[in-house]
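Only one structure is covered here, and it is reproduced in the block below.
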Amino acid sequence: MIDFTLTDEQELIRNTVREFAQEHLAPGVIERDDKAIFPAEQIKIMADLGFMGMMIPEKWGGSGIDTRSYVLALEEISAVDASAAVIMSVNNSLVCQLLFDWGTNEQKEKYLIPLAKGKKLGAYSLSEPQSGSDASNMRTFAEKNGTHYILNGTKNWVTSGQTSDVVIVFCLTEKGVGYKGISAFIVGKGLKGLSVGKKEDKLGIRASDTCELYFEDCQIPVENLIGEEGQGFKVALKTLSGGRIGIASQALGIARAALDASISYANERHQFGQPIGEFGAIQNKIADMATEIDAARLLIWRAAHLKDLGKPFKKEASMAKLYASSVAMRASRECVQIHGGYGYMQEYGVERLMRDAKITQIYEGTSEIQQLVIAKELLKK
Ligand code: CAA
């Protein structure tokens, strides 16, 4: 049975992260978004505080906390800076968790420890220009040649593609057998033949870098294969289920920031001789936002709880992401509406919430893909 009260430890984590976000992320967040500046100093402090490998046991460089505590932390980071949140989420949920679940002890020693400590930054590279939602339709190919695989192809939309040190790359090792021909590799950034594309100019999460990666006859040592040949798609999708809990938490943080800003503004802004919060039109919006935010949080906590129990959570993670991302979009849109003309101006910081919210309906599986995953699970015979 899920317990809605937080333990003393969980409260401490939430409060520590909240204070960190106010002190270190809030200053400059508008400028970093405007100029697309990677929050390098802030990520370094997050690493020192143990935020980059939160769910990984201390033995492997992490903080050893549960998923429930992790989602609390991610909500707090996202409420202030959604760019820092996605950098954190990818490193934690997609890279560290994947290496912890599937890596050999040698791979964990060499890659997981520095990644979980935040000494190195990780990226996860699944998509290609022709394969987004249809993730298994990839072309990047690695051919085995003795002690190495020779990797050729193009990957795109790689979060932290420029700033990362290590990338988990999914590619074909056998053609013509569908997803069963996909394998996963650990790729170090300095590799000969690997070049990084230009930083994409994005609508939101602008302080996080996204770019293409080009592989030209890159030699990947055989010991960098994760799991077995042909297991890559399962590695990718199982890991993505955890990632979706992270993105749902990012959406929740954005939505909560929109609610907090709306409440403050509704109390301080006077029109027609009274605070606008005394008008039913504004009250209805705030009441709906708060209700939807609580519902999203409960879906996220349920998915996190199931993951912590070691039970299946694929459907619940997709439900949490599907719902929380639509709540983030609605709440941020209403927040701008409540702020009126000021909301449309960059300096008030709420138009950014609306721009940042949109990506949560797209990456780590679009809303339509989440619906597909949920429906497939429900219709299973
Ligand atoms: N866990 C474990 N196994 C899974 C799984 C999961 N979550 N989902 C599917 N599988 C298994 C299936 O059971 C099946 O195996 P069997 O044949 O043994 O039963 C196999 O994988 C293939 O499954 P499907 O037939 O369902 O595969 P599909 O090709 O029809 O596609 C999909 C499934 C759900 C559409 C999947 O392709 C998908 O999730 N697409 C979205 C991709 C995505 O989320 N991309 C995000 C990019 S990463 C990113 O955004 C990160 C970032 O930088 C922020």
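So how far, in whole Å, is the C-alpha centre of the range 6-37 from the one of the range 175-239?
30 Å
What net charge is computed for the residues neighbouring GLY28, neighbours being all others with C-beta under 14 Å from the C-beta of GLY28, Lys and Arg scored +1, Asp and Glu -1? Walk me through the numbers on the way to the answer.
Working: positive: ARG32, LYS35, ARG206, ARG352; negative: GLU23, GLU31, ASP33, ASP34, GLU41, ASP81, GLU347.
Result for the neighbourhood of GLY28: -3.
Given LYS285/LYS358; LYS35/LYS189; LYS238/LYS321, which pairs have Cα atoms separated by over 23 Å? If you can, show how the numbers build up before the last one.
Details: LYS285/LYS358 19 Å; LYS35/LYS189 25 Å; LYS238/LYS321 15 Å.
With Cα atoms farther than 23 Å apart: LYS35/LYS189.
In degrees from 0 to 90, rounded to the nearest 10, what is the angle of the helix 367-379 Cα long axis to the longest principal axis of the chain?
Approximately 70 degrees, to the nearest ten.
By DSSP, what percent of the beta bridges with both residues in the chain are antiparallel, rounded to the nearest 5?
Details: 29 of 34 bridges.
Rounded to the nearest five, the antiparallel share is 85 percent.
Hey, with R₀ at 56 Å, roughly what FRET efficiency would LYS311 and GLN271 work out to, going by the Cβ-Cβ distance, to 0.05?
Working: r = 51 Å, r/R0 = 0.90.
Using R0 = 56 Å, I get an efficiency of 0.65.
Please state the relative contact order of the range 8-121 as a whole percent: Cα pairs under 8 Å, 6+ residues apart? Kindly include the intermediate steps, with their values, before the conclusion.
Details: 131 pairs, mean separation 37.0, N = 114.
Relative contact order, the range 8-121: 32 percent.
Hey, can you find the accessible area per residue of the range 233-378 for me, probe 1.4 Å, expressed in square angstrom? Intermediate results must be reported in sequence, preceding the final value.
Working: 6500 Å² over 146 residues.
Spelled out: the 1.4 Å probe surface of the range 233-378, per residue, equals 45 Å².
Provide the net charge surrounding CYS335, with neighbours chosen by a C-beta distance below 13 Å and charges set as Lys +1, Arg +1, Asp -1, Glu -1.
On the way: positive: ARG256, ARG269, LYS285, ARG330, ARG333, ARG352, ARG355; negative: ASP260, ASP288, GLU292, GLU334, GLU351, ASP356.
In short, +1.
State, to one decimal in nm², a quarter of the convex hull surface area for the C-alpha atoms of the range 233-378, i.e. the direction-averaged projected area. Mind showing how you got there, number by number?
On the way: hull surface 37.3 nm².
Dividing the Cα hull surface by four gives the mean projection, 9.3 nm².
By how many degrees, between 0 and 90 and to the nearest 10, does the Cα long axis of helix 280-309 differ from the longest principal axis of the chain?
Compared with the principal axis, the helix lies near 30 degrees.
Probe radius 1.4 Å, ligands and nucleic acids ignored: give me the carbon and sulfur share of the accessible area of the chain as a rounded percent.
52 percent
Quick one: angle between helix 8-20 and the longest Cα principal axis of the chain, in degrees between 0 and 90, rounded to 10, please.
Once rounded, one gets 80 degrees.
Residue farthest toward the positive end of the dipole of the range 8-121, with Cβ of Lys/Arg at +1 and Asp/Glu at -1: which of LEU112, THR67, ALA79?
With unit charges placed on the Cβ atoms, the residue in question is LEU112.
Cβ neighbours within 10 Å, averaged per peptide: list 162-173, 69-80 in order, most packed at the top. Each step should come with its number before you reach the end.
Details: 162-173: 22.7, 69-80: 26.5.
Highest to lowest by the protection proxy: 69-80, 162-173.
Hand me the trypsin sites (Lys or Arg not before Pro) from the range 82-187 located in a DSSP loop with no more than 15 other Cβ atoms within 10 Å, in residue order please. Could the numbers behind the result be given before it?
Values: sites: LYS108, LYS110, LYS117, LYS119, LYS120, ARG139, LYS144, LYS155, LYS175, LYS180; in loops: LYS119, LYS120, ARG139, LYS175.
Listed in order of number, the matching sites are LYS119, ARG139, LYS175.
Quick one: putting +1 on the C-beta of Lys and Arg, -1 on the C-beta of Asp and Glu, what dipole do you get for the chain around its Cα centre, in Debye to the nearest 20? Please list the in-between numbers first.
Values: 44 positive and 48 negative charges, 202 e Å.
The dipole magnitude comes to about 960 debye.
Put +1 on the Cβ of each Lys and Arg and -1 on the Cβ of each Asp and Glu in the range 123-229; which of PHE170, ASN137, LEU213 then has its Cα farthest toward the positive end of the dipole?
The one lying farthest along the dipole's positive direction is LEU213.
Multiplying the sequence separation of LYS376 and ALA290 by 0.36 nm and subtracting their Cα-Cα distance, what value in nm do you get? If you can, show how the numbers build up before the last one.
Working: separation 86, 0.36 × 86 = 30.96 nm, distance 3.05 nm.
The span from LYS376 to ALA290 would gain 27.9 nm if fully extended.
The values are calculated or read from the model by the stated rules, or taken from the named source; none is laboratory data. This structure is a prediction, so every number in the text was calculated from the model and none was measured. Backbone-built Cβ (ideal geometry, glycine too); neighbour counts: all protein chains shown. These area figures cover heavy atoms from the full protein model, side chains too; ligands, DNA and RNA do not enter into them. Shrake-Rupley method; radii C 1.70, N 1.55, O 1.52, S 1.80 Å.
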